[in-house]
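What follows is a set of notes on a single structure, which appears directly below.
The values are calculated or read from the model by the stated rules, or taken from the named source; none is laboratory data. No experiment lies behind these values; they were computed from the predicted model shown. So basically every Cβ, Gly included, is an ideal-geometry build from the backbone, and we count neighbours across all protein chains shown.
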Amino acid sequence: MVWSPHRPWWERYQPVSYKLISRSGSEQEFADMVERCNKVGVRIFVDAVINHMTGDSGIGVGIADSTFNTYEQSYPAVPYSIHDFNSKEKCGTQSGNIENYNNVNEVRNCRLVSLLDLDQSKSWVKDRIRDYLNHLIRLGVAGFRVDASKHMWPDELKAIVESLNDLPETHFGAGQRAFVFTEVIDMGGEPITKYEYTGIGRVTEFLYGMKLGEVFRRWNNQKLEYLQFFGESWGMLPSGYAWTFVDNHDNQRKHGGGGDMVLTFWEPRVYKMANAFMLAWPYGYTKVMSSYYWYPREDTDVGPPADSYGNTNTVPINDDGSCGGNWACEHRWRQIRNMVAFRNLVHGTAVENWWGRGDQIAFSRGRKGFLAINNDYSQTMSGEFYTGLPEGFYCDCISGDMLGSGDNAYCTGQTLSVNSMGRTHINIRSDSENPMIAIHVDYKL
Ligand code: LAG
Ligand code: CA
């Protein structure tokens with residue numbers, strides 16, 4: 001546990017053992033959550049920290065009461081000893097830490113911010129990691145985000161992933177493999193690239209959130225209309241390898257890459273627009289961030305809402321479905337939640353009817369969905385737009401939800417009428433609270 005600063009969020013990135021006990025609860029509680037989620041079709045992916053153990057802080061104890069000693073490099077609860085870590089000789093820097101990101105050997109064999117660096121070329125280490133991940137697979141998780149993948153050799157990581165058991169047949173059917181996402185921060189300009197990891201699974205595409213932030217902020221003369229070919233031609237991974245997100249737990253608080261360009265829940269209006277675009281756009285495997293508010297906002301260490309000891313609070317749900325207790329729960333914001341449904345629905349269809357004028361864009365996805373966004377600061381977006389959708393009345397899933405069913409279905413937001421030509425009239429004011437419209441065939445009244 002880290003007490004200075006007081007139980008920071010990043011304490012989780014310093015494992016002491018592979019026991020499934022954390023500030024969020026016990027193994028039993030975790031297993032129960034996974035079980036309940038699987039039952040309702042929600043898959044769980046674990047953020048696996050397997051590049052390193054704790055920082056070089058001396059003697060300490062983890063949240064599950066396991067001890068460690070970084071002078072001796074020992075973690076008896078795994079157990080790991082000095083033989084399981086990359087030596088100073090193998091690393092090659094004076095400090096034993098990563099100093100130069102242009103040196104590939106250093107990035108992978110030295111300590112990342114002083115975190116004791118495991119040697120994944122050792123079969124003992126590979127086996128302990130494999131056992132840990134297999135344990136999680138047995139509990140029903142669907143896959144992993146592999147933390148700090150850039151700091152591990154791709155062939156060694158690949159060997160670990162390939163040694164894993166199939167997912168349990170009871171939950172996933174026969175012969176299914178864990179879905180792996182590797183976290184590789186590649187902004188260009190370093191010798192280690194995201195392309196080295198595509199043989200393992202999906203890879204984080206950090207350029208995505210940065211570029212999207214730049215466009216929606218309209219920095220460097222960017223405009224929404226330039227998004228027409230947003231994807232590989234922007235220097236990003238081929239769509240089938242990319243793992244995309246507007247922001248993540250690091251860059252929303254200025255850790256990791258992305259800087260000031262990245263959009264977060266602190267700027268909700270434009271954040272919802274960027275998420276709506278991401279979810280409507282057929283590039284990558286998308287991730288929606290879900291956060292908590294922290295204060296002061298400049299403090300980059302503050303942990304989740306917790307009791308005074310640091311145990312994470314449960315999340316209270318308000319009557320309107322939003323979260324209380326300082327949980328932001330972006331995934332429950334109507335505009336984002338409904339766009340997730342939009343994405344699932346239009347999967348497999350192409351972008352059609354692209355229309356772009358400066359900071360106003362509109363496009364359809366096959367004959368299933370249509371999105372229009374007005375990010376202009378003064379001009380209303382209005383006119384007849386071709387939606388590609390069948391004739392009828394549609395409930396805009398940005399301004400409302402469609403409730404009830406059949407003849408009793410009604411829309412809590414604005415209703416749009418699509419004529420027999422597939423055209424609809426839209427009018428989005430530039431100062432609207434949600435300057436977007438999204439309709440799809442599941443929201444046909
Ligand atoms: C990651 N990806 O590669 C995580 O996304 C990122 O959140 C993790 O860093 C990092 N790798 C290591 O797993 C986080 C914080 C760091 C923090 C680290 C270890 O961003 O700030 O380092 O977790 O807890 C902290 C201090 C350092 C200190 C270190 C060791 O900030 O100054 O050297 O702990 O004591
Ligand atoms: Ca390493």
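A few remarks follow.
- Tally of residues being surrounded by 17 or more Cβ atoms within 10 Å (Cβ to Cβ) and away from ligand 1 (no atom under 16 Å from the Cβ) across the range 109-125: 2
- For the range 126-144, the set of residues classified as of a type outside the set (S, T, Y) and within 16 Å of ligand 1 (Cβ to nearest atom) consists of I129, F144, listed by residue number.
- Filtered residue count, the range 382-430, keeping only those that are touching a strand residue (DSSP E or B) at 6+ places or on another chain (Cβ under 7 Å), part of a loop (DSSP other than H, G, I, E, B) and more than 19 Å from A341 (Cβ to Cβ): 3
- When the range 431-445 is filtered for residues that are over 25 Å from Y377 (Cβ atoms) and either more than 31 Å from the chain's Cα centre (by Cα) or assigned to a loop (DSSP other than H, G, I, E, B) (or both), only L445 remains.
- Screening S57 on (1) in a loop (DSSP other than H, G, I, E, B); (2) among the polar types (S, T, N, Q); (3) in contact with a Gly (Cβ under 6 Å, 6 or more places away or on another chain) shows it passes everything except condition (3).
- Condition met for D84 (surrounded by 18 or more Cβ atoms within 10 Å (Cβ to Cβ) and of a type in the set (D, E, K, R)): yes
- Unmet requirement for M53, which otherwise passes all of (1) of a type in the set (A, V, I, L, M, F, W, C); (2) within 16 Å of ligand 1 (Cβ to nearest atom); (3) surrounded by fewer than 19 Cβ atoms within 10 Å (Cβ to Cβ): (3)
- Qualifying position, being of a type outside the set (V, I, T), buried (at least 17 other Cβ atoms within 10 Å of the Cβ) and away from ligand 1 (no atom under 16 Å from the Cβ), among S22, S66: S66
- Matching residues, the range 47-77, being aliphatic (A, V, I, L, M) and within 16 Å of ligand 2 (Cβ to nearest atom): A48, V49, I50, M53
- Residues satisfying the stated conditions in the range 137-157, i.e. among the aliphatic types (A, V, I, L, M) and either farther than 14 Å from H52 by Cβ or more than 9 Å from ligand 2 (Cβ to nearest atom) (or both): I137, L139, V141, A142, V146, L157
- Tabulated pairs, the range 229-247, first of a type in the set (D, E), second surrounded by fewer than 19 Cβ atoms within 10 Å (Cβ to Cβ), C-beta under 6 angstrom, 6+ apart or interchain: E232/P238
- A single member of V262, V340, V315, V302 is β-branched (V, I, T), crowded, with 22+ Cβ neighbours inside 10 Å, outside the structural domain of S417 (by TED's automatic domain parsing) and farther than 20 Å from N427 by Cα, and it is V262.
- Hits in the range 145-191 (condition: within 16 Å of ligand 1 (Cβ to nearest atom), without any contact (Cβ under 8 Å) to a residue 60 or more places away in the chain and hydrophobic (A, V, I, L, M, F, W, C)): W153, L157, V180, V184
- Members of the range 91-136 found to be among the hydrophobic types (A, V, I, L, M, F, W, C) and within 13 Å of ligand 2 (Cβ to nearest atom), listed by number: C91, I98, V104, V107, C110, L112, V113, L115, L116, L118, V125, I129
- Pairs, first small (G, A, S) in the range 374-386, second outside any strand (DSSP E or B), C-beta under 9 Å, six or more apart: S378/S430; S378/D431; S382/R429
- Candidate set: the range 364-400, residues that are of a type in the set (A, V, I, L, M, F, W, C) and closer than 12 Å to L224 by Cα; chosen: the one surrounded by the most Cβ atoms within 10 Å (Cβ to Cβ): I373
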